[in-house]
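What follows is a short report on a single structure.
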Amino acid sequence: MTNPILGYQVLILIVFFHVGIFGLRCWNCKSETCREDPDSTDEAQKQDCGQGQICQKVYFEMICENEKEETVYVSTVRSCAHHCEPRDDFRNCSRMRHTTHGCVRRDCCEDADLCNKALAMSPGLMCLIGLLVCLLAFTLLS
């Protein structure tokens, strides 16, 4: 006759062993298509992170001006990171900063595998959505 407690102990050891070896999985993408949904681009790969690493998604935007035109450079990178501090320059991104250093939004997560999937919304789009919500609320309350 087998001992059911021994079976549970073995199962628990296997789970802890699995968690100890396999860490978090993150999307890894460093190309022009990384702003898109990682499931819809061949450039994004699922990556096993090392011990102590977490997922990050970094969105960068910089405006370059010359005499003829203004060009906006946009970049999104998804990866594993040893150290990730959330950052959002877009809250206070002046025109001067936008054209000299650029503005960065960094999101960090470690709550689930592939948690750095969320699509980035541009600050202008967020303002437009906020304005529409306020307008709708004002209309309904009037």
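Things worth noting here:
- Here the Karplus curve 6.51 cos²θ - 1.76 cosθ + 1.60, taken at θ = phi - 60°, turns the phi angles of region 89-100 into couplings of 6, 5, 5, 10, 7, 6, 4, 4, 5, 4, 9, 9 Hz, with x standing for Gly and Pro.
- Per-residue Karplus couplings for region 72-87, computed as 6.51 cos²θ - 1.76 cosθ + 1.60 with θ equal to phi - 60°, are listed in order as 9, 9, 10, 9, 10, 10, 10, 6, 7, 9, 6, 10, 9, 10, x, 8 Hz, Gly and Pro entered as x.
- Cβ-based exposure ranking for 79, 31, 142, 40, in which fewest neighbours within 10 Å come first: 142, 40, 31, 79
- Among 104, 58, 74, 133, the order by Cβ neighbours within 10 angstrom, fewest to most, reads 133, 74, 104, 58.
- By other beta-carbon atoms within 10 Å, ranking 29, 93, 64 with the fewest at the front produces 64, 93, 29.
Quick note: the coordinates plus some simple rules give every number you see, no bench work behind them. Nothing here was measured: the structure is a model prediction, and the numbers come from that model. Here the Cβ is made from the backbone with ideal geometry for all residues, glycine too, and neighbour counts use every protein chain on show.
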